[in-house]
Amino acid sequence: MIAALLLEGGESTYNTPNDVVQESMTLTTASQQYWAQKRVLVEERIATLEPQVSSTDSELSWKRFCERGTGFLNQLLTRAIDRVEKRLRQHWNGNKALSKEAVRLFKAEATISLWLPISRDPLRFVVVPPRSSEYQIRTLEQADSSRVYQIGAPYITVFWRGDCLFVITPSCEFVSICTFYLDNPDTGRWWSDSVFPSTFAEITKEFAADLGNVESQFAPLLDKWNKESRLQKQLTELQAVRRSEVAWSSVHLPEAQKLEILKALELFEVGDPAAPQGLLLTGPPGVGKSMLGKTMADTVGCSFQRLTPTSLKQDHLGGSGKRVHEIWDQARQMQPAILFLDECEGVLGRRGSAETDALSTEIVQAFLAEWDGLRKTDRVLVIGATNRPDLLDEGILSRFGWKIQIALPSESDRMGILGQELKNIGVDASLPPDFGTLTQGMSGRDLQEVARSARRTAHPDLPSAEQIGEAVRKLRKGRNTQVSGQSKWENLVLGPKLMTRLKLISGLLRDAEKWSKEGILIPRSLLLQGPPGTGKTEIARTLANESGLAFFSATTADIKANYLGQSGNRVKQLFERARSHAPCILFLDELDIVAPERSIGEDDPLTREIVGQLLQEIDGVQAHPEHVFLLGATNRPEAVDRAVLSRFVERLPVQLPDHASRVRLLSGLLRGKKLDFPADYGATLLADLTEGKVLSGRDLASWVATAEQNALVRAFENGGPEQYVITLDDFSTAN
């Protein structure tokens, strides 16, 4: 229908409005300055347009003109009807009666009007009947995009019985929509074909001056409407800029990364050939990769599809590739569009690897084909998020091109995130400065859980700073299942020199960010070496507990696999897990078994693989910005591979306990037990009895446990629990 006559390309907007928020007046960062400049530009355009829109009376002038200046339409209709009868008679082989009847019927119900297009998307125009000051604004569905027509130019439309028959363009050409016909009971249906529209087109040329006058009279009103439309778009954009500024203030990234993303989004929005068509976000879990992707989509105001393995993988081969094609087709139709793949290694993994099945391979191939089919000006951006980029297919990695690593938040960012999360749950608390240190190594997701946990604990009241701090400590302890709450400095029995060094290392690790800013080199590795049972494992747990860092421990069983390739991968995954929770302590116990000396012809391939990968990962720990403290323990340092041993810059010997240490150890072991002698006296006496013997802390614990068993047997034989008590004789028989 008439919708076939109008076409307009849509104008892009910078954002999709959600809420209007009050902007910050203090500019302290580069991204705040960026948004301030955006606001100033939009406000300047608004200031220019507002007086132009409010100072014109063009609408009143147009109504007056329509009332007196559109009468020529009736004249055009009359002349055309007068002239069409002769042409119909010629077209219908001289049938005069039929021609007269057709003209009579047409004249009785024909109407004529002006149609002036005012926009193409949506398709809108002004409809002006003859000699009327009232006009209508009509919106129609776009039916034909093959024609391009002039905005503001007059088009003459002729209707009959409510149906549009044809349109006469400003160049006096006709476009037929329907055809007038006449039904005769004797001879059937007679079609007029192009007789009516061609006649009207010819007559229209005689009114060229009138049509030119219509266009010139309408131009001021159209100009006003265009300016009003531009003003409204600028007002909408101003709101969008303000919302985007607030949204990006919640995205805690280094300022350089923020600006890099925002500038790239500007290019993407306008379809610049330099705009990215792929972005890979890497980083530990919980750092906000998904939130960043959604914020980018909201900033541009574009289509956003979140893709998961469930939405891509179909039940049979061929179905997944078809699904990928459908998703890309939808993205192309809804440009600008963002395709977001969270945990993208699950669907775009390396082809041919053990972790990739046939369906995943099909998805990868389909994605590559669709990605390569993008034109430089297409506004489709693929964003992938992963903490395992090594598992992605090489072809996919090369298509991403643009890669950004999202690190764990800094101290100031952690304070900002925690404050923001507390406000989100209705808590407006003032956080002590030490919370930045207390939350070291936590992701945004961790801080969100801290806020929620504190709120649940304090309900129905609001949480205090102490309760929030306790929620932080609770979250840390919940991760370190291998660390007991009893692993504290006071429970360690070590020499003063060793204890001082361990406490210094703990303090440096606990406040690594602050010490690093002062130029202090934070230790990255330590090897504890000494006889079995001297408490090396307990030292590791205490170091983790007192420093407040996450703790990961690995043994040979955790690392060594059955096949070549698997052991190296396990080592790699262990270090990646540690890096994703940095700062943390990674403890390798029995290092001489995990990484034994490689001897030509004697070591097995699995050991070579483990040691080789271990060396690469240790070097990676020292090179990566994430602070992973590698702690090793062995009672046979000479059996550790020399290359691995050389990576431990500092080695601390853990000696067998001397007399004073044995007294302390025994006092701790006897504490809380039912004794028939004073605990302090007994501890000293027992320490004297062990003089000259090579005993470790584990040996002493075993000695006390055996004495306890002796007392238990005696109590069982003498009548039950009431008879239970440990005597010094129980130690004599246990020794």
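The values are calculated or read from the model by the stated rules, or taken from the named source; none is laboratory data. None of these values were measured; they are calculated from a predicted model. Note: ideal-geometry Cβ built from the backbone for every residue, glycine included; neighbour counts use all protein chains shown. All accessible areas refer to the heavy atoms of the entire protein, side chains included, with ligands and DNA or RNA removed. Shrake-Rupley method; radii C 1.70, N 1.55, O 1.52, S 1.80 Å.
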* In segment 667-694, which residues are surrounded by 17 or more Cβ atoms within 10 Å (Cβ to Cβ), more than 13 Å from Ile726 (Cβ to Cβ) and either among the small types (Gly, Ala, Ser) or in contact with a Pro (Cβ under 6 Å, 6 or more places away or on another chain) (or both)? -> Ser667, Gly668, Ala687
* **segment 463-479 residues that are among the aliphatic types (A, V, I, L, M), paired with ones that are in a helix (DSSP H, G or I) and modelled with pLDDT under 80 (beta carbon under 9 Å, 6 or more apart)** => Val472/Leu438
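Output the helices (runs of 4 or more DSSP H) that fall wholly within segment 586-648 and possess 2 or more residues being open to solvent by 30 Å² or more (accessible area, probe 1.4 Å) and at pLDDT below 85, or say none.
Numbers: elements: 591-594, 605-623, 642-647.
So the answer is 605-623.
Quick one: which helices (runs of 4 or more DSSP H) sit completely within segment 228-335 and have at least 1 residues that are open to solvent by less than 20 Å² (accessible area, probe 1.4 Å) and farther than 20 Å from Lys38 by Cα? Step through it out loud before you land on a result.
Numbers: elements: 255-270, 289-300, 309-312, 319-333.
Hits in segment 228-335: 289-300, 309-312, 319-333.
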* Subset tally (residues that are free of Cβ contacts under 8 Å to residues at least 40 places away in the same chain and open to solvent by 70 Å² or more (accessible area, probe 1.4 Å)) for segment 52-98 -> 12
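Would you call Lys403 in contact (Cβ under 8 Å) with a residue 12 or more places away in the chain and open to solvent by 50 Å² or more (accessible area, probe 1.4 Å)? Quick ask: steps written out before the conclusion?
Working: in contact (Cβ under 8 Å) with a residue 12 or more places away in the chain: yes; open to solvent by 50 Å² or more (accessible area, probe 1.4 Å): yes.
When the stated conditions are applied, Lys403 passes them.
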* Among (1) under 22 Å from Gln655 (Cα atoms); (2) of a type in the set (D, E, K, R); (3) in contact with a helix residue (DSSP H, G or I) (Cβ under 9 Å, 6 or more places away or on another chain); (4) open to solvent by 60 Å² or more (accessible area, probe 1.4 Å), which single condition is Arg541 missing? -> (3)
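Tell me the residue from Lys497, Lys517 that is more than 17 Å from Leu631 (Cβ to Cβ), surrounded by fewer than 18 Cβ atoms within 10 Å (Cβ to Cβ) and under 30 Å from the mean Cα position of the chain (by Cα), please.
Numbers: Lys497 fails: under 30 Å from the mean Cα position of the chain (by Cα).
It is Lys517.
Looking at Leu222, is it touching a residue at least 24 places away in the same chain (Cβ under 8 Å), open to solvent by less than 30 Å² (accessible area, probe 1.4 Å) and out of contact with any helix residue (DSSP H, G or I) (no Cβ under 8 Å at 6 or more places or on another chain)? Spell out how you get there, then give the answer.
Working: touching a residue at least 24 places away in the same chain (Cβ under 8 Å): yes; open to solvent by less than 30 Å² (accessible area, probe 1.4 Å): yes; out of contact with any helix residue (DSSP H, G or I) (no Cβ under 8 Å at 6 or more places or on another chain): yes.
Against the criterion (touching a residue at least 24 places away in the same chain (Cβ under 8 Å), open to solvent by less than 30 Å² (accessible area, probe 1.4 Å) and out of contact with any helix residue (DSSP H, G or I) (no Cβ under 8 Å at 6 or more places or on another chain)), Leu222 qualifies.
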* Asked: Is it the case that Arg104 is touching a Ser or Thr at 6+ places or on another chain (Cβ under 7 Å), charged (D, E, K, R), open to solvent by 10 Å² or more (accessible area, probe 1.4 Å) and part of a helix (DSSP H, G or I)?
  -> no
* Structure fact -> Those residues of segment 374-391 which are touching a residue at least 12 places away in the same chain (Cβ under 8 Å) and open to solvent by 10 Å² or more (accessible area, probe 1.4 Å) amount to Leu374, Lys376, Thr377, Asp378, Arg379, Asn387, Arg388, Pro389, Asp390, Leu391
* Structure fact -> Out of (1) surrounded by fewer than 22 Cβ atoms within 10 Å (Cβ to Cβ); (2) within 30 Å of Glu237 (Cα to Cα), the one Ala366 does not meet is (2)
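With respect to Glu215, determine if the residue is open to solvent by 70 Å² or more (accessible area, probe 1.4 Å), closer than 30 Å to Ile118 by Cα and in a helix (DSSP H, G or I). Write out each step before concluding.
Values: open to solvent by 70 Å² or more (accessible area, probe 1.4 Å): yes; closer than 30 Å to Ile118 by Cα: yes; in a helix (DSSP H, G or I): yes.
In short, yes.
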